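Below is one structure, written out as structure tokens, with a few remarks after it.
The values are calculated or read from the model by the stated rules, or taken from the named source; none is laboratory data. Keep in mind the model is a prediction, meaning the values are calculated, not measured. Note that each Cβ is placed from the backbone with ideal geometry, even for glycine, and that neighbours are counted across all protein chains shown. Protein only, heavy atoms only, side chains kept; ligands, DNA and RNA dropped before computing areas. Shrake-Rupley method; radii C 1.70, N 1.55, O 1.52, S 1.80 Å.
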Amino acid sequence: MTKIQEDVLPKWVSLWLFVSGMICTYDVAYTMNRPFTNDPASRKSNLLFGGWALYSSVDRHYLTTNDVFTCSTGRVMLLECLLNFLAIGLAAARNRHGLLLAFTSNVMVLWKTILFFSVFLAQPEGHLPPMNPNKYVWSKFMIFWIPNGVWIVMPTLVLFALWNKLALPPKMSEKYWEASNKCRGDLDFEDQKKVSLD
């Protein structure tokens, strides 16, 4: 009888890493290729980046073609996307480093999003408000706060889901290292059956 192995990452975590990576890659494509991607006269940019055009009607950072803040966060997001896809690949190969990488990338995403939100709170006097003041509160809530809030809620849920998998009791981790003699970091220790992880 074949033993069913537990997934390294829960399926919903892998799905989140993939979806987040794809959306953020698309986001970087938009911010790094302005003014071509936010040209209102271009049918191609309106077709490909219509959602971002709606979003930039609220967030002035996305509307400005030479905004340094979104350019810098875009570069950070490229690293996040790479780590997300790498974590999925490592987890699929049953490599224990996939778990740690998924946790790390979600910590990075969470803190980057908190930093991003902090720019919109309590602006000092003399600065232009980063959010369009002509938009209604409901529009700001639906177009800005909810979509960005997903990147606070989901990474937090991932951190809670993976925490116990990473925080092994000391006795268990000692036996784990005693049993683990494989360089690529497999989770299976068929060659170490004599050593119990119980």
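Once both labels are modelled 7 Å past Cα along the beta-carbon direction, what's the LEU121-LEU82 spacing in nm?
In this crude label model, LEU121 to LEU82 measures out at 3.1 nm.
Taking θ as phi - 60°, what are the ³J(HN,Hα) couplings along the range 10-16 by the Karplus curve (6.51, -1.76, 1.60), each to the nearest whole Hz, with x for Gly and Pro?
x, 4, 5, 5, 4, 5, 4
Evaluate E = 1/(1 + (r/R0)^6) for VAL137 and LYS171, where r is the Cβ-Cβ distance and R0 equals 41 Å; express this FRET efficiency to the nearest 0.05.
So, using R0 = 41 Å, E works out to roughly 0.15.
Keeping all protein chains in place and using 1.4 angstrom, which order do GLU125, GLU6 fall into by accessible surface area, from largest down?
Solvent-accessible surface, decreasing: GLU125, GLU6.
Any idea of ARG75's accessible area? Nearest 10 Å², probe 1.4 Å.
For ARG75, solvent-accessible area is about 140 Å².
So what are the radius of gyration and Dmax for the Cα set of the range 80-162, in Å?
16.7, 53
To the nearest 10 Å², what's TYR55's accessible area with a 1.4 Å probe?
Roll a 1.4 Å probe over it and TYR55 shows about 30 Å².
Can you pull the percent of Cα pairs in the range 11-167 with separation above 23 Å?
42 percent
Once ligands and nucleic acids are excluded and a 1.4 Å probe is used, how much of LEU128 is accessible, expressed in Å² to the nearest 10?
140 Å²
Measure off, as a whole percent, the carbon and sulfur share of the 1.4 Å-probe accessible area of the range 11-167, all protein chains present.
About 73 percent, which is the carbon plus sulfur part of the accessible surface.
Rounded to the nearest 0.05, what FRET efficiency do ALA93 and ILE152 give with R0 = 35 Å and r taken as the Cβ-Cβ distance? Could you check?
Given R0 = 35 Å and the Cβ-Cβ separation, E is 0.70.
For PHE160, PHE117, write out the residues from largest to smallest accessible area, computed with a 1.4 angstrom probe and no ligands counted.
Final ranking, largest accessible area leading: PHE160, PHE117.
To the nearest 0.05, how large is the calculated FRET efficiency for ASN33 and TRP163 if R₀ is 30 Å and r is the Cβ-Cβ distance?
Taking R0 as 30 Å, the efficiency between ASN33 and TRP163 is 0.20.
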